[in-house]
Amino acid sequence: MTDTARAEILRRIRAAAVPPAPEPPRHYLRHAPGLDPDDREAVLALFAERLEEYGARVLRAPRPAAAVARALTEEGARSLVVPDGLPADWTAGWDGRVRIDRPPLDKAELDATDAVLTGCAAAVADSGTLVLDGGPAQGRRAATLLPDLHVCVVRAEQVHSALPGALARLDPARPLTFVSGPSATADIEMIRVKGVHGPRRLAVVLLD
């Protein structure tokens with residue numbers, strides 16, 4: 001094959017090829033649309049709104065104990081598992097059975113427990129998402145998936161208007177779990193089924 005013929009073949013291939021994909025945008029939206037990220041009350045209100053749209057309960061309070069007790073009582077929980085290191089005052093207002101996940105409870109014990117109480121690493125207002133990374137007051141992933149009710153305490157300063165703000169605060173080397181509302185799926189015949197991948201019920205105590 002002469003150089004001329006080879007060049008002509010390559011020219012025709014290039015001409016027939018699909019145009020190269022454009023470069024992905026690098027200027028991502030850093031905040032929730034139409035929301036001033038410095039308006040903390042608006043950010044928290046959006047976070048609560050998104051959670052409620054998913055079917056989660058939101059209790060706003062200045063301190064956790066009374067709100068945690070209310071959430072557990074109104075959801076009918078009688079037993080609770082908490083991660084090692086969870087502040088003791090978070091459960092001070094509740095008179096049900098509390099078990100610390102130390103040593104780690106087995107799967108049957110977790111499944112037989114009504115609820116789990118944790119904190120979180122960050123939260124996203126725009127999507128109503130909680131982010132857990134196994135850090136302080138969060139515990140291991142299994143303990144947050146098997147009980148039927150998850151009560152999560154979120155501090156106001158942990159809530160970011162959109163995902164980029166939260167990602168900047170997270171360690172990618174940690175085991176990250178993103179929770180947007182109670183667990184549910186409609187994979188089978190478009191029938192919504194709760195509790196397939198985790199707790200069927202979610203209550204968030206949002207500390208002002």
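Of note:
- Net charge of the neighbourhood of Arg141, taken over other residues with C-beta under 14 Å away and scored Lys/Arg +1, Asp/Glu -1, is +1.
- For the chain, with +1 on Lys and Arg beta carbons and -1 on Asp and Glu, the positive-most of Ala42, Leu176, His160 along the dipole: Leu176
- Total charge dipole magnitude, the chain, about the Cα centre, Cβ charges on Lys, Arg, Asp, Glu only, Debye to nearest 20: 500 debye
- Top positive-direction residue, dipole computed over the stretch 1-157 with Cβ charges, set Pro147, Leu59, Ile13: Ile13
- Pairs of Cα atoms nearer than 8 Å and 6+ residues apart set the relative contact order; for the stretch 37-207 it is 28 percent.
- Modelled FRET efficiency - R0 25 Å, Arg30 with Asp208, Cβ distances, 0.05 increments: 0.55
- For the stretch 142-184 and the stretch 57-98, distance of Cα centres in Å: 18 Å
- A cut-off under 10 angstrom between Cβ atoms defines the neighbours of Val204, and their net charge, with Lys, Arg +1 and Asp, Glu -1, is +1.
- Rounded to the nearest 500, the helix-only mean residue ellipticity at 222 nm of the chain stands at -7500 deg cm²/dmol, with each DSSP H run of n ≥ 4 adding -39,500 (n - 2.57).
Taken together, the values in this text are just the output of simple stated rules run on the coordinates, not laboratory data. Nothing here was measured: the structure is a model prediction, and the numbers come from that model. Here Cβ is always computed from backbone atoms with ideal geometry, including for glycine, and neighbour counts include all displayed protein chains.
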